[in-house]
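Reading through the C-alpha cells given below for one structure.
The values are calculated or read from the model by the stated rules, or taken from the named source; none is laboratory data. Source: prediction; values computed, not measured. Only protein heavy atoms, including side chains, enter the accessible area calculation; ligands, DNA and RNA are left aside. Shrake-Rupley method; radii C 1.70, N 1.55, O 1.52, S 1.80 Å.
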Amino acid sequence: QVQLVESGGGLVQPGGSLRLSCAASIRFFSIYTMGWYRQAPGNQRELVATITNMRSTNYAESVKGRFTISRDNAKNTVYLQMNSLIPEDTAMYYCNADGPTADYWGQGTQVTVSS
C-alpha cells in the first residue's frame, strides 16, 4: 500500500523558513517524479515544485528563488526548503508521486505564515 506522509508544516512569521518532508512508501521511488502542491482556502490546488528522477526541477514563478525541492532516494524522501516566506504562501501543502502507471497524494501539511 502506497503512503506519502508529509511533515514539517506549522506557523511561521513572514520572512521565516520551514522545511517540509515527504516520506514515501513506494517501490522504486527513484523513478517517480515527486512534487509539492498547495491549496489555499477558496483556491484550486496549484503546483509549487517538482523534481524528476534525473533531479531536473521545476518551480512556480511565485516561489522561484525562495523554495528549493530536493530528494534523497536512499530515504525515499522528498523535501521542500521554504525561505523568505510570505503570507501568500499560507496553504495546505501536498506531496505528490507521479509514476509510470499511477500517481499518489499525501494527506497534506498546513503552512501558515502570519505575524
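Table for the structure above
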| read-out | value |
| --- | --- |
| P(r) histogram, all alpha-carbon pairs of the chain included - 10 Å bins from 0, percent | 15, 50, 29, 6, 0 |
| Solvent-accessible area per residue, Å², over the chain with all protein chains present [probe radius 1.4 Å] | 54 |
| Gained length - residue 7 relative to residue 103, 0.36 nm times residue gap less alpha-carbon distance | 32.6 nm |
| Portion, in percent, of the accessible area of the chain that falls on carbon or sulfur, probe 1.4 Å | 47 |
